[in-house]
Amino acid sequence: MSAATRTVIVGAGFGGIAAARTLRELLPPPHRILVVDWRPEVSLGAGHTWVLTGRRRPEQVSRRLSAITRHGLEFRCAEVVGVDPAKRVLEVAGDRVPADALVLAPGARLTLEPLPGAAGVAHQFYELDAALRLGGALDSFAGGRVVMAIIAPPYKCPAAPHEAALLIHERLARKPGPERFSLTLLTPEPQPMPVAGPTVGGVVKELYEKRGITALFGAKPVRVHSPSATPAGSPPSRAVAGELELADGQRMPFDLLIVIPAHVAPAFLRDSGLLGGNGWIAVERDTLATTFDNVWAIGDVTQIPLAGGGMLPKAGVFARAEGQVVARAIAARLLGQAAGDGAAPFDGKGGCYLETGKGEAAFAEGDFFAAPSPVVTLQSASRTGLSGKEKFAKDWARWY
């Protein structure tokens, strides 16, 4: 197919923007590339902990999506309400948008629904405005019991809750003093970052022990009880006290509750025939192709099984690599080239930073497609590691 075509990319996060920018480099100008996203701007998730600790302003870790048009891309800020993958047609704000090639990179949506009572009580930091509100709550926090709860895996960036716990503890320790607050993290998972293996998890546990952070594994939160929830469940701007009920019946009192929201696929995919029984889009591991012709899915909306029973972490570094793989495949098809011409498969390799406080960060890197199980190493925390995370943030901004 060599005539002018239109590729439509849903989502402008790590994967979507990588697919769009790479494809623009590979295709001549007559080939149109439309990026659709419901958000007018995107933010760097790795920078949210900087916002909640006051080290960055929101505008320093976010980018306006309208700016991507300077790269020869089209952009439409609108909600996708439906998709027909067999016909490669999107329903966007009342319009039907056809595509010669369709890339689904909408990310995951966040929800508190699996934890009744959390709305109006629990803070979170997976959205930029929520991270800013949490930062304000920490500013005014006078001390007491801080509880951080992971509602359910999978969630974006397996290191993020642990990084947040370490940095929040550091911030509060400098403010009221260690004797005036406690911090407990609980998760249904058996250890920190289970897919990374027991060695990496053991290092994180040791960090918790040294800092005086209590970590409870295999603990599932089921309900929040609080007489002080904000009206109509609106996001709290301050610390709200209450109790967190666990699946075993235990109740944990808190003066400030922070949760990692549950992650689900966007609503427009529910009736598409794309979602598997686990609620995510299944794709070919090497190519990110779906079961529909000329339709690919990348990033957090996908589930890629790994040897040993885990699944590929939902992380920007993988979404970016997937986007580049898909862009090369689309370009080959649209230009009438052989499918394998110059196209390297997605290899499941990547890493992320775990900021540990004290101006340091560790770097975890792995081959997640290795058998019989992923092979992951964790470099010791250092100032060089934090410099690496800051460089990662600068590199992210350049894509927009």
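Please go through the residue pairs Lys87/Lys394; Lys175/Lys391; Lys349/Lys394; Lys87/Lys389; Lys87/Lys349 and name each one whose alpha carbons sit more than 31 Å apart in this structure.
Lys87/Lys394; Lys87/Lys389; Lys87/Lys349
Just to be sure I follow: if Rg is taken over the C-alpha atoms of segment 327-400 and Rh is the Kirkwood radius over the same atoms, what is Rg/Rh?
Ratio of gyration radius to Kirkwood radius for segment 327-400: 1.16.
Count the DSSP beta bridges whose two residues both fall in segment 183-327, then state the antiparallel fraction as a percent rounded to the nearest 5.
65 percent
Report the extension gain between Asp271 and Asp84 in nm, rounded to one decimal, defined as 0.36 nm multiplied by the number of residues separating them, less their alpha carbon distance. Can you show the working numbers first?
Working: separation 187, 0.36 × 187 = 67.32 nm, distance 0.90 nm.
Here the segment from Asp271 to Asp84 would lengthen by 66.4 nm.
Carbon and sulfur atoms: what percent of the 1.4 Å accessible area of segment 245-314 do they account for?
Accessible surface attributable to carbon and sulfur in segment 245-314 totals 46 percent.
222 nm [θ] for the chain, helices only, -39500 (n - 2.57) per DSSP H run of 4+, per residue, to 500?
-7500 deg cm²/dmol
Please report, to one decimal in angstroms, the Kirkwood hydrodynamic radius of segment 104-152 built from all distinct Cα-Cα pairs. The partial results should precede the final answer.
Working: mean 1/r = 0.0791 Å⁻¹.
Value: 12.6 Å, from the Cα pair sum.
Could you tell me the distance between the Cα centroids of segment 110-163 and segment 346-388, to the nearest Å?
Cα centres, segment 110-163 to segment 346-388: 24 Å.
Would you kindly calculate the translational diffusion coefficient of the chain, applying Stokes-Einstein with the Kirkwood radius from alpha carbon pairs, for 4 °C and a viscosity of 1.567 mPa s, and quote it in µm² s⁻¹ without decimals?
59 µm²/s
Would you kindly state how much longer the chain becomes between Thr291 and Glu170 on full extension, computed as 0.36 nm times their sequence separation minus their alpha carbon distance, in nm to one decimal?
Value of the extension gain: 38.8 nm.
Starting from one equal scatterer on each C-alpha and no solvent at all, send me the Debye-based log10 I(q)/I(0) for segment 272-400 at q = 0.17, 0.20 Å⁻¹, two decimals.
These q points yield log10 I(q)/I(0) values of -0.99, -1.18.
Evaluate the Debye formula for segment 243-339 with equal point scatterers sitting on the alpha carbons, no solvent, and hand back log10 of I(q)/I(0) at q = 0.15 Å⁻¹, in q order, two decimals.
-0.74
Cα centroids of segment 300-323 and segment 41-97: how far apart, whole angstrom?
20 Å
Looking at the chain, send over the antiparallel percent of its DSSP beta bridges, to the nearest 5.
Approximately 50 percent, going by the DSSP bridge assignments.
Would you please name the trypsin sites (Lys or Arg not before Pro) within segment 348-400 that are DSSP coil residues with at most 15 other C-beta atoms within 10 Å of their C-beta?
Answer by residue number: Lys358.
Hey, any idea what % of segment 1-137's accessible area is carbon plus sulfur with a 1.4 Å probe?
Carbon and sulfur: 51 percent of the exposed surface of segment 1-137.
Tell me which residues come under 5 Å, amide H to amide H, from Thr302 once H is placed; ignore anything under 5 positions away on its chain.
Ile281
For the chain, report the accessible area per residue in Å² (1.4 Å probe, heavy atoms, rounded to an integer).
42 Å²
Evaluate 2.2 N^0.38 Å with N set to the residue count of segment 21-132, then give the Cα radius of gyration divided by it.
Expressed relative to 2.2 N^0.38 Å, the Cα Rg reads 1.31.
Only residues of segment 186-207 count here: report those whose backbone N is under 14 Å from the spot 7 Å along Cα→Cβ of Met311, or say none.
Within reach of a label on Met311, which here means backbone N under 14 Å from a point 7 Å along Cα→Cβ, segment 186-207 contributes 195.
To the nearest 20 Debye, how big is the dipole of the chain about its Cα centre, given +1 on the beta carbon of each Lys and Arg and -1 on that of each Asp and Glu?
Magnitude of the dipole: close to 940 debye.
How far apart, in nm, are two points set 7 Å out from the Cα along the Cα-to-Cβ line at Arg145 and at Leu335?
6.2 nm
Running Debye on segment 176-278 with equal point scatterers at the Cα sites and no solvent, what base-10 log of I(q)/I(0) appears at q = 0.10, 0.16 Å⁻¹?
Log-scaled intensity ratios, in q order: -0.43, -0.95.
Taking Rh as the Kirkwood radius computed over C-alpha pairs, what is the Stokes-Einstein D of segment 108-203 at 10 °C in a medium of viscosity 1.306 mPa s, expressed in µm² per second?
108 µm²/s
The values are calculated or read from the model by the stated rules, or taken from the named source; none is laboratory data. Source: prediction; values computed, not measured. We place every Cβ from the backbone using ideal geometry, glycine too, and count neighbours over all the protein chains shown. Ligands, DNA and RNA are excluded from the accessible area calculation, which covers all protein heavy atoms including side chains. Shrake-Rupley method; radii C 1.70, N 1.55, O 1.52, S 1.80 Å.
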